[in-house]
Amino acid sequence: MADVTMDKLVSLCKRRGFIYQSSEIYGGLTGAYDYGPLGVQLKNNIRDFWWKEMTQIHDDIVGLDASILMHPKVWEASGHVSNFTDPMVDCKQCKSRFRSDQIDLTAGCPVCGTKGSFTEPRNFNLMFSTHIGPVHDDASIVYLRPETAQGIYVDFKNIVQSSRVKIPFGIAQVGKSFRNEITTKNFIFRSCEFEQMEMQFFCKPGSDDDWFSYWRDQRMTFYHKMGIRPAALRWHRHGEDELAFYAKDAYDIQFLFPMGWQELEGVHNRTDYDLTQHQKFSGKDMAYLDQETQERYIPYVVETSAGLTRNVLMALSDAYEEQQLPDGDMRTVLHFHPALAPVTVAVLPLVKKDGLGEFAKKLELDLREDFTTFFDLSGAIGRRYRRMDEIGTPYCVTVDYQTLQDNTVTLRFRDSMEQIRVTITDLVTTIKRETKQYKRIEE
Ligand code: ATP
């Protein structure tokens with residue numbers, strides 16, 4: 001952790017094809033990022049890891065993919081039209097803009113240092129709006145969703161009626177959200193277009209405290225399973241001043257990002273607020289009928305709301321290390337959990353000639369059925385290992401002269417740099433077993 005700075009991450013991400021600034025050739029667009037070949041794979045792997053955890057490991061959770069554009073009344077019901085605002089101030093001297101709740105207004109402008117140069121705070125709605133259809137008037141206004149949760153509440157009845165779910169159960173969704181953020185510094189930590197992984201768990205009023213505690217536990221365990229170092233994760237409970245007016249209780253999981261402890265995910269007890277609001281605004285009954293007891297009630301909701309793109313930043317910062325090697329060399333290594341790494345196995349022939357190149361290529365083709373692979377035959381073997389370390393590839397398989405004689409290869413582990421000799425027929429099971437048993441070596 002000591003090695004990592006935001007500048008180093010930004011530069012590695014651009015150099016190795018993880019993340020680029022959007023529209024860079026035009027000078028870039030603030031708050032928008034493009035995920036390159038390795039970045040999209042890392043992001044998809046994190047998404048899949050979460051999706052599996054939520055919908056496969058927890059068989060009481062079903063999935064949903066609601067549309068980004070929704071009826072504008074949704075956002076009136078949810079409170080976003082009237083309340084989803086941040087207080088904004090401008091520095092009259094240098095024209096920089098800040099969220100007034102994020103800076104010390106008495107200390108002067110963080111950019112130019114001028115004291116007393118701020119405008120009065122003004123509330124600014126974070127929702128992006130656009131128009132549907134050819135006429136741009138108030139009746140055609142639609143919003144780009146600022147969270148995925150509302151799609152889940154609005155489809156709650158559809159899901160109860162069309163699938164065999166029974167309370168308690170959850171609905172999970174991953175998708176894009178948009179917020180017109182005033183300050184978008186810190187790379188992908190806070191962007192205007194981002195992705196969320198949200199799960200809303202519907203339960204009977206009265207059982208909500210138990211479910212709330214269950215989900216807090218589950219969510220922290222999830223990040224440990226993802227290979228994030230426990231010391232870099234902690235809980236923050238919302239104080240009276242932070243708690244949304246409808247929330248009964250709220251905790252954030254914070255991660256130690258390069259700029260300090262910041263929110264990664266929120267676990268909130270939202271009571272029956274959202275469904276009640278949608279019932280009020282839509283005129284549709286949102287109550288749940290318990291078939292066994294014939295009780296009718298509006299369920300309580302425990303929400304787990306994580307940023308996917310913020311998870312990508314966490315995975316990169318937690319993984320990053322500049323390591324001094326025994327031979328005096330330095331290496332940059334990303335210690336991703338093998339299930340998250342964009343490339344799982346690199347296949348490297350020791351040399352191109354004498355049939356080693358062809359042999360290795362064939363082996364790589366075979367491994368593609370089970371893993372994301374990469375084939376590299378250019379440069380000294382040590383340099384090829386370093387390139388793989390820098391993008392976090394957990395396993396390198398090297399084909400050498402002995403391979404041609406006895407069908408064994410060397411399997412090199414990224415973290416320990418240890419190499420073992422494995423028979424090709426055992427390679428897939430060995431890699432799968434190592435992935436399952438993976439534990440990061442503590443620095
Ligand atoms: P903040 O107070 O920092 O603006 P928030 O508390 O409003 O954030 P939530 O609405 O609880 O955030 O969003 C849930 C999760 O979505 C956050 O924990 C974060 O991981 C992610 N998220 C929210 N806004 C952004 C953003 N602008 N860019 C990237 N991720 C975001």
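Looking at Val62, is it within 28 Å of Gln200 (Cβ to Cβ), aliphatic (A, V, I, L, M) and surrounded by fewer than 19 Cβ atoms within 10 Å (Cβ to Cβ)? Yes. Against the conditions (1) closer than 30 Å to Met54 by Cβ; (2) more than 14 Å from the ligand (Cβ to nearest atom); (3) part of a helix (DSSP H, G or I), Ile188 satisfies every one except (2). When you scan the stretch 205-219, do you find a residue that is touching a Pro at 6+ places or on another chain (Cβ under 8 Å), in a loop (DSSP other than H, G, I, E, B) and surrounded by fewer than 15 Cβ atoms within 10 Å (Cβ to Cβ), even just one? Looking through the stretch 205-219, at least one residue is touching a Pro at 6+ places or on another chain (Cβ under 8 Å), in a loop (DSSP other than H, G, I, E, B) and surrounded by fewer than 15 Cβ atoms within 10 Å (Cβ to Cβ).
Only one of the numbered conditions (1) in a helix (DSSP H, G or I); (2) buried (at least 17 other Cβ atoms within 10 Å of the Cβ); (3) among the hydrophobic types (A, V, I, L, M, F, W, C) is not met by Val4, and that is (1).
The sole residue among Ser67, Ser78, Ser100 that is surrounded by fewer than 14 Cβ atoms within 10 Å (Cβ to Cβ) and under 29 Å from the mean Cα position of the chain (by Cα) is Ser67.
Out of the stretch 259-280, which residues are over 17 Å from Trp235 (Cα atoms) and surrounded by 15 or more Cβ atoms within 10 Å (Cβ to Cβ)? Once the filter is applied, which keeps residues that are over 17 Å from Trp235 (Cα atoms) and surrounded by 15 or more Cβ atoms within 10 Å (Cβ to Cβ), the stretch 259-280 yields Arg270, Thr271, Asp272, Tyr273, Asp274, Leu275, Thr276, Gln277, His278, Gln279.
So that you can scan it fast, the table gives a plain yes or no per residue for (1) touching a Leu at 6+ places or on another chain (Cβ under 8 Å); (2) surrounded by fewer than 12 Cβ atoms within 10 Å (Cβ to Cβ):
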site	(1), (2)
Thr344	no, no
Ser378	no, yes
Gly382	no, yes
Val399	yes, no
Thr403	yes, no
Asp426	no, no
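Within the stretch 36-86, the set of residues being aromatic (Phe, Trp, Tyr) and within 16 Å of the ligand (Cβ to nearest atom) comprises Phe49, Trp50, Trp75, Phe84.
If you go through the stretch 387-443 and pick out every residue that is of a type in the set (Lys, Arg) and free of Cβ contacts under 8 Å to residues at least 12 places away in the same chain, you end up with 4. Restricting attention to the stretch 160-179, the residues being within 10 Å of the ligand (Cβ to nearest atom) and modelled with pLDDT under 95 number 0. For the stretch 93-120, filtering for residues that are within 16 Å of the ligand (Cβ to nearest atom) and more than 30 Å from His71 (Cα to Cα) leaves 6. If you filter the stretch 239-258 down to residues that are over 30 Å from Tyr320 (Cα atoms) and touching a Phe, Trp or Tyr at 6+ places or on another chain (Cβ under 7 Å), you find that the one that is surrounded by the most Cβ atoms within 10 Å (Cβ to Cβ) is Asp249. Need pairs with beta-carbon distance below 8 Å; first residue more than 19 Å from Ile441 (Cβ to Cβ) and within the stretch 307-336, second of a type in the set (A, V, I, L, M) and part of a loop (DSSP other than H, G, I, E, B); sequence gap 6+ or separate chains. Sorted first by the residue in the stretch 307-336, then by its partner, the pairs are Met314/Ile228.
Test each condition in (1) under 30 Å from Asn44 (Cα atoms); (2) touching a residue at least 24 places away in the same chain (Cβ under 8 Å); (3) in contact with a Phe, Trp or Tyr (Cβ under 9 Å, 6 or more places away or on another chain); (4) acidic (Asp, Glu) for Asp272 and report the one that comes out false. Unmet condition: (1). Take the conditions (1) within 20 Å of Val301 (Cα to Cα); (2) touching a Ser or Thr at 6+ places or on another chain (Cβ under 7 Å); Phe257 misses just one of them, which is (1). Of the residues that sit in the stretch 138-153 and are outside any loop (DSSP other than H, G, I, E, B) and in contact with an Asp or Glu (Cβ under 9 Å, 6 or more places away or on another chain), which one is nearest to the ligand (Cβ to nearest atom)? In this case the residue turns out to be Ala149.
For Arg331, the test of being among the basic types (Lys, Arg), within 16 Å of the ligand (Cβ to nearest atom) and either within 19 Å of Gly392 (Cβ to Cβ) or assigned by TED's automatic domain parsing to the domain that holds Trp211 (or both) is failed. Pairs linking a residue in the stretch 348-377 that is over 30 Å from Asn45 (Cα atoms) to a residue that is among the hydroxyl-bearing types (Ser, Thr, Tyr) and assigned to a loop (DSSP other than H, G, I, E, B), with Cβ atoms under 9 Å and 6 or more positions apart or on different chains, are Lys352/Ser378. Contact map, the stretch 131-160: residues that are loosely packed, with under 13 Cβ neighbours inside 10 Å paired with residues that are assigned to a helix (DSSP H, G or I) and among the polar types (S, T, N, Q), Cβ distance under 6 Å, separation 6+ or inter-chain. Pairs shown: Ile132/Ser140; Gly133/Ser140.
The values are calculated or read from the model by the stated rules, or taken from the named source; none is laboratory data. This is a predicted model, so every value here is computed, not measured. Note that each Cβ is placed from the backbone with ideal geometry, even for glycine, and that neighbours are counted across all protein chains shown.
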